[in-house]
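The values are calculated or read from the model by the stated rules, or taken from the named source; none is laboratory data. Predicted, not measured: the structure shown is a model, and the values here were computed from it. Every residue, glycine among them, receives a Cβ derived from its backbone with ideal geometry; neighbour counts consider all protein chains shown. Just the protein is used for accessible areas: all its heavy atoms, side chains included, with ligands, DNA and RNA removed. Shrake-Rupley method; radii C 1.70, N 1.55, O 1.52, S 1.80 Å.
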Amino acid sequence: LTAGTVLDYEEGFRVLKGPHAGRLALGVRLDYENLDDPSWAKTQADALEQAVKDGASALKEVKRLGLEIRWKNGELLKVDDPVLDPIWDRCGRLDIPVIIHTTDPLAFHKPLGLSNERLTELQAHPGWVFLKPGLPSKYEVLEGRGRMIARHPETTFICVHFATFPEDPVTVGHWLDEHPNMNMDLAARFVEIGRHHPEMMRNFFLRYQDRILFGTDTG
């Protein structure tokens, strides 16, 4: 569970750990408010280290990199931007995983038409649509994530939502083979993986059984 940011987690820890000490693992998120400050990355990494000393078990990153967080000049902060490298490195030294959510289902990056299988969902939540001027494609963001993971072999990455590409388990398998430090979970993507051939999916789960975590996406 996410307890807050690296700069503001005490109340989250108090509420979540109080009656359930020892039963919940709590993570923290980065705070991007002062991203343009030259000392931003070190400040975040140092604060993360203190959070770990206080009991944090992971760094959680939601689908902001490459799609939402921007520099003051308006440019998007890419998932593989070097400014983030000290933070990923610190996670490796602290031996905590980076639980990273990158992009969303492929349908969220497609035109809103009758051929979009999540049309009704996206009509109800227009903010989830990523096919917008100025935003990169899903593939560009995922390629950046791959470069980032490759640059930090000593850091463990858990790529949630079936590595954010449940539409193509073969490609996800290639990623897992290429990056020994990459893992994944199954949260909220059973609709997509359930349509693939059962024998293929069985073989996938057998091959990567020590790299797959069960996950949910309920609040």
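Worth pointing out:
- Checking residue 79 against (1) among the β-branched types (Val, Ile, Thr); (2) open to solvent by 20 Å² or more (accessible area, probe 1.4 Å); (3) in contact with a Leu (Cβ under 6 Å, 6 or more places away or on another chain), the condition it does not meet: (2)
- Single residue of 113, 134, 127 found to be open to solvent by 10 Å² or more (accessible area, probe 1.4 Å), of a type in the set (Gly, Ala, Ser), more than 15 Å from the chain's Cα centre (by Cα) and at positive phi: 134
- Checking 58, 47 one by one, the residue that is touching a strand residue (DSSP E or B) at 6+ places or on another chain (Cβ under 6 Å) and closer than 27 Å to residue 26 by Cβ is 58 and no other.
- The stretch 156-180, subset assigned to a loop (DSSP other than H, G, I, E, B) and polar (S, T, N, Q), residue surrounded by the most Cβ atoms within 10 Å (Cβ to Cβ): 164
- Sole exception among (1) surrounded by fewer than 20 Cβ atoms within 10 Å (Cβ to Cβ); (2) without any contact (Cβ under 8 Å) to a residue 60 or more places away in the chain for residue 147, by number: (2)
Every residue, every condition in (1) touching a residue at least 40 places away in the same chain (Cβ under 8 Å); (2) of a type in the set (Asp, Glu); (3) within 30 Å of residue 129 (Cβ to Cβ), yes or no:
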residue	(1), (2), (3)
4	no, no, yes
25	no, no, no
43	no, no, no
77	yes, no, yes
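- Whether a residue is of a type outside the set (S, T, N, Q) and within 14 Å of the chain's Cα centre (by Cα) was assessed, and residue 72 does not pass this test.
- For beta carbons closer than 8 Å, sequence separation of 6+ or different chains, a first residue in the stretch 107-126 that is of a type in the set (D, E, K, R) and a second that is outside any loop (DSSP other than H, G, I, E, B), the qualifying pairs are 117/107; 118/107; 118/108; 121/128.
- Tally, over the stretch 19-68, of residues that are touching a Pro at 6+ places or on another chain (Cβ under 7 Å) and open to solvent by 30 Å² or more (accessible area, probe 1.4 Å): 1
- Residue, modelled with the lowest pLDDT, within the stretch 109-150, restricted to residues that are assigned to a helix (DSSP H, G or I) and touching a Lys or Arg at 6+ places or on another chain (Cβ under 7 Å): 109
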